[in-house]
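Undergrad: I am attaching a structure below and will ask some questions about it afterwards.
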Amino acid sequence: MMGVVYKATDSRSKKAVALKVIRLAMAVSEEQQKSFERRFVEEAQIVARLDHPCIVAVYEIGRDPEEKAPFIAFEYLEGRTLSAILEDGAMPWKDALRLTSRVAAALHHAHEQGVIHRDIKPANIMMLPSGQPKLMDFGLAKRDTGVELTSTGQFLGTPLYMSPEQALGRKVDARTDIFSLGCVAYTMLTGKRAFEAESIPQVMNKVTYQHPPRPSQVKKKLPADIDYLIARSMAKAQDDRYDTAQAFGEDIEDVLAGKKPRHRAGWTSPGMAEGTMVASGRPLDEEMDAALKAGPPHHRRSAAPVAILGLSMLTLGALLYSSAFWKEHLGGLDPNLPPATLTLPPGPETASRQAPDETSTPTASDTPTASPSPEAAVAATETPAPTSSPEPPVPTPAPVAAQTPTATPRKRAPETSRLSVTFEHSLKSGSLRVWVDKELVIEETLSSRVTKDMVLFKQRSGKAQEQLPVDPGKRHIRVEVRSGGDTRSREILATFKSGVTRRLDARLKGDTLTLSWR
C-alpha cells in the first residue's frame, strides 16, 4: 500500500538498480503520510547499516527533488525466490542445509548490528543463478533502539513461518529469526510446511501449541542429526533454541561434514510445553498419553487434549453406530441368497463395492428387499387370489436359479481424472492459457469488475474457473497469463489418480503468479 519497486538505471554507474519509492495507493492524511515516510526511511537506514554478501545491498537513500518522494536504490537481483523454487518440492538435504547455513550467517551479521528481521520466509530469500542467497525485505525489521517500522497493533510476520512469541504478541529477539529460519529449513528438507492449516487461526494455533512431525518421518533416509537441528531451532520456548544464528550455522556445517554437532553437548530435547500437542504420526491413544503426561495444562490451553479425547469418543460412537446399523439391517439376511437379491441404490458408495469389471442392469426385480428371510422374499412374489371367486391357492414355487435377477456383464469405461483450475486476478483485461504436457487445454479471455473506486486508483477483482478431463498419471502443467504486453508463467508437476479431481488455485498478485493445490 505504500511502496512500488521499479527497475531503473543509475545515471552515474549505469548499473541496473531496484528503485523502491513511496507511492501511496490511496488518499491519506498528512499525519499518515509522514508516518509512512518515517517508516520507509527507517527501513533504508536499517538495511544500509548491513554489509554482508547474503543481504541485499543499499546503494543510495534520497528524496526525489520534483515529487518529494523518498526512495531507496537497492542492488538489482536476477534470479528466483526460494518460494518459487520450493513449488517443485523438497530440495536435496545437503543443498537445503548449505542454503540454511548461509542465511544463518547473514542473520547473525544483522543481529550483531542490532537488527531483527521478523519476517524470514522463502519469499524473502532470492536465489541468484550462482546459487548465492540474498536476504531481502527488512520492512518489518526492528532495531535495538526500539524503533519499529510497523505501528502498534499491526499483524507482524507471516503466519506459516512465525514464531510462537510473535503469534502470542510477546517480546521478540534474535531467536525469533532462528525459529523462522528453522521453519524455512523444514520446508526445504521435507517439501511440506511445518504448520500448514486451512485458516490463519489454525496456523497460529499450530505454531503455538503443536510440534510438526520430525523431518525424518516425512522424508525417509535423512540423517538423524537433521531432526536435532530442526528441533532445536524450532523449539517453542526461546530459551530452548540456539542462542545465536551463528551457533545454528556451525552445527549445520558439522552435520554436512559428517561430524557430531559441536553445540549439541549439554542440550536436551525439551519436553512438551504446557498444552502442546505433537503431530508425530503416532496412534491417537499414544498422542493422548503423551499429552496427559505433560502435566495438568492451564485452563486456556486445555483445549488440545480435550479435543483429542472428544475426537476419539466421536469416532468410537460412529463406529458403534455403524456396526449396529448394519447388524440390524443386514444381519438377518441369509448368506446363501444370490448376490443380486440385494442391490443398493447407485452412488459413489455402491460403485466402489461393485466388481471392477461389471455393473448390474437395473430391472424391476432389482428393488432392494427388506425381507428378513428367504421365505418372506418368496411370499412377496405370490400372486394374490381374487376376492370375487375364490380358487384353490396357487402352490408357492420353490426358488430356482431362473427366478434370480441376472446381471448383464459389461466392461466399465476407464475412469479419467479431472483438473479444476481457479484463477484469481485484478487485471482489467488479459488472457489465461493452460497447458497439460505441452497440449494447450485452456485459453480464456480475462475480465474483472471494479470493487473499490478510489481517488488514485480503482481496485478490481476477477475470477476464471475451468474444469477438464485429464488422463491419470504424472502430468506437467503450465499456466500463462498475458496482459498489456506482459507475460507471466509458472509450471508445476502433479500426479492424477483415476476418478479424482485435483483443484489448482492460480493467483496473480502484483507481478507474481503463484500456483497451489487444494
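Undergrad: Are any residues in segment 103-124 within 14 Å of Met188 (Cβ to Cβ) and surrounded by fewer than 20 Cβ atoms within 10 Å (Cβ to Cβ), and if so, which ones?
TA: Ala123
Undergrad: Can Gln166 be described as at pLDDT 85 or above and buried (at least 20 other Cβ atoms within 10 Å of the Cβ)?
TA: Against the criterion (at pLDDT 85 or above and buried (at least 20 other Cβ atoms within 10 Å of the Cβ)), Gln166 qualifies.
Undergrad: If you don't mind, another one. Do you know which of the residues in segment 467-506 that are of a type in the set (S, T, N, Q) and part of a strand (DSSP E or B) is farthest from Gly430 (Cα to Cα)?
TA: Thr495
Undergrad: Further, regarding this structure: Counting only residues that are out of contact with any Phe, Trp or Tyr (no Cβ under 6 Å at 6 or more places or on another chain), closer than 30 Å to Glu30 by Cβ, part of a strand (DSSP E or B) and not β-branched (Val, Ile, Thr), how many does segment 63-83 have?
TA: Total meeting the criteria: 3.
Undergrad: Looking at (1) assigned to a helix (DSSP H, G or I); (2) modelled with pLDDT of 90 or more, which one does Ala90 not meet, given that it meets all the others?
TA: Evaluating Ala90 over (1) assigned to a helix (DSSP H, G or I); (2) modelled with pLDDT of 90 or more leaves (1) as the failure.
Undergrad: Pairs needed: first member in segment 440-452, farther than 19 Å from Glu466 by Cα; second member anywhere, surrounded by fewer than 15 Cβ atoms within 10 Å (Cβ to Cβ); C-beta distance under 6 Å; at least 6 residues apart or different chains.
TA: As it stands, the answer is Val450/Lys458; Thr451/Gln459; Thr451/Ser461; Lys452/Gln459, since those pairs meet every condition given.
Undergrad: Also: Please give the number of the condition Gly131 fails out of (1) without any contact (Cβ under 8 Å) to a residue 40 or more places away in the chain; (2) in contact with a Phe, Trp or Tyr (Cβ under 7 Å, 6 or more places away or on another chain).
TA: The number of the failed condition is (2).
Undergrad: Would you pick out the residues in segment 157-180 that are assigned to a helix (DSSP H, G or I), within 18 Å of Leu135 (Cβ to Cβ) and touching a Phe, Trp or Tyr at 6+ places or on another chain (Cβ under 8 Å)?
TA: Leu160, Arg175, Ile178, Ser180
Undergrad: Report, ordered by the first and then the second residue, all pairs with beta carbons closer than 7 Å, sequence separation of six or more or different chains, a first member in segment 48-62 that is outside the structural domain of Gly131 (by TED's automatic domain parsing) and among the hydroxyl-bearing types (Ser, Thr, Tyr), and a second member that is surrounded by fewer than 18 Cβ atoms within 10 Å (Cβ to Cβ) and part of a strand (DSSP E or B).
TA: Cβ pairs passing all conditions: Tyr59/Glu75.
The values are calculated or read from the model by the stated rules, or taken from the named source; none is laboratory data. As the structure is a prediction and not an experimental result, all values here were calculated from the model. Positions of Cβ are backbone-derived with ideal geometry, glycine not excepted, and every protein chain shown enters the neighbour counts.
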